[in-house]
1. What residues qualify as long-range amide H neighbours of residue 102, i.e. H under 5 Å apart, gap of 5 or more or another chain, H built at 1.01 Å from N?
2. Find which of 112, 163, 87 sits farthest along the positive direction of the dipole of the chain, computed with +1 on the beta-carbon of Lys and Arg, -1 on that of Asp and Glu, about the Cα centre.
3. What 222 nm value per residue comes from the helices of the chain, counting each DSSP H run with n ≥ 4 as -39,500 (n - 2.57) and dividing by all residues, nearest 500 deg cm²/dmol?
4. Rank 75, 187, 206 by accessible area, highest first, at a 1.4 Å probe radius?
5. In terms of modelled amide H atoms, which long-range or inter-chain residues lie less than 5 Å from the amide H of residue 271?
6. For the chain, which whole percent of the accessible surface, found with a 1.4 angstrom probe, sits on carbon and sulfur atoms?
7. Taking θ as phi - 60°, what are the ³J(HN,Hα) couplings along region 170-177 by the Karplus curve (6.51, -1.76, 1.60), each to the nearest whole Hz, with x for Gly and Pro?
8. When the Karplus curve 6.51 cos²θ - 1.76 cosθ + 1.60 is applied with θ = phi - 60°, which whole-Hz ³J(HN,Hα) does each residue of region 226-240 get, with x for Gly and Pro?
Amino acid sequence: MSDATAANDQPLIFREGLLDGQVALITGGGTGIGLGIAQLLARLGAHVVVASRKAEHVESAAQSIRAAGGSASSETVDVRDAEQVQAMVARIEQAQGRIDLLVNNAAGNFYAPSESLSPNAWRSVIEIDLFGTFFCSQAVLPAMKRQGRGRIVSISMTLHYRGWPLMAHATAAKAGVDALTRTLAIEWAPYGVRMNAIAPGPIPTEGVRRAFTPPPSASGQVPDMFAVEQAMTSYAKKAIPAGRWGTPGDIANMVAFLASPAGDWITGSIFVVDGGEWLARNPAPQMQR
Ligand code: HXC
């Protein structure tokens with residue numbers, strides 16, 4: 001399944017028009033899980049604003065959503081820059097008149113030993129994941145306060161529940177996102193703002209599929225993609241109690257639930273949506289000694 005068809009192909013389990021009249025901002029909405037979320041929210045009637053640093057990603061995402069009959073626009077923004085975030089939110093308010101839902105999905109991540117992580121490498125991931133979540137949440141608050149209602153959903157992870165070598169930066173950032181979720185939930189509940197997070201399990205976006213694909217052989221033979229799919233299926237059967245990989249649609253459905261009236265009394269919660277993967281996960285790999 002390609003990123004572009006992530007959630008459009010799946011049966012709609014919420015009623016059509018559920019989010020009619022709502023405006024949703026999805027950071028990192030041009031690809032992967034973020035695109036799946038944007039597609040589903042648009043199918044449910046929301047106007048979706050897909051935002052990321054890469055204009056080509058968000059423009060083609062918004063275009064594909066419009067081509068499928070949804071309402072979408074795009075914004076180019078670096079969530080690490082509070083001024084850029086505020087300017088983006090001002091533009092959205094001016095164009096759409098409101099912001100009902102923010103999905104803090106933009107993230108940066110790579111595997112690297114912490115002892116050699118440069119200050120800039122550390123800063124990059126912490127600033128995208130944690131600062132970005134705070135800057136975007138703070139920026140949409142005035143609109144949500146005026147409306148007397150708003151929903152914020154941040155995409156977290158499960159790797160920090162036990163510790164995960166080579167990911168000190170991302171696990172620290174996502175632990176901070178969880179802390180923000182709980183704290184802002186209490187501070188902002190009186191304004192009608194509900195603040196929750198989702199910790200997704202393994203979703204085979206293009207990056208995961210690449211990791212299962214052997215490099216091209218010296219003779220130039222192309223990898224057998226059927227064998228790659230089989231290897232991925234067999235991995236999922238072993239490693240994920242629910243027996244399959246997740247899809248962007250699995251995460252998008254939880255966002256839609258939280259955005260719906262069903263989410264009215266839910267705040268400060270972190271929902272693990274992972275087919276049981278983290279509970280069953282083997283201990284983190286040992287560092288080489
Ligand atoms: C060590 C690295 C590195 C690596 C980058 N750096 N990659 N260090 N190992 N593999 C260092 C660079 O050398 C640089 O430090 C610093 O990080 C910033 O890198 P830039 O490329 O200049 O920064 P920038 O363009 O802002 O890119 C940010 C990024 C990049 C995080 C490094 O990977 C990115 O934009 N990623 C976005 C897409 C992404 O990662 N998505 C995954 C999200 S999924 P120096 O000192 O040289 O200047 C997710 C869930 C994960 O988060 C679940 C996992 C199981």
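1. 25, 151, 152, 153
2. Towards the positive end, the residue furthest out is 163.
3. Values: 10 runs with 122 residues, N = 289.
It comes out at -13000 deg cm²/dmol, rounded to the nearest 500.
4. On the way: 75 30, 187 110, 206 75 Å².
Order by accessible area, largest first: 187, 206, 75.
5. Residues meeting the amide H criterion: 197, 198, 199.
6. Values: 7590 of 13750 Å².
Using a 1.4 Å probe with all protein chains present, the chain comes out at 55 percent carbon and sulfur.
7. Karplus-based 3J(HN,Hα) across region 170-177 equals 5, 5, 5, 5, 6, 4, x, 4 Hz.
8. Values per residue, Gly and Pro as x: 5, 5, 4, 4, 4, 4, 5, 5, 5, 4, 4, 4, 7, 9, 10 Hz.
The values are calculated or read from the model by the stated rules, or taken from the named source; none is laboratory data. Predicted model, so just to flag it, every value in this text is computed and none were measured. With ideal geometry, Cβ positions are generated from the backbone for all residues, glycine too; neighbour counts draw on all protein chains shown. Side chains included, ligands, DNA and RNA excluded: accessible areas come from the protein's heavy atoms. Shrake-Rupley method; radii C 1.70, N 1.55, O 1.52, S 1.80 Å.
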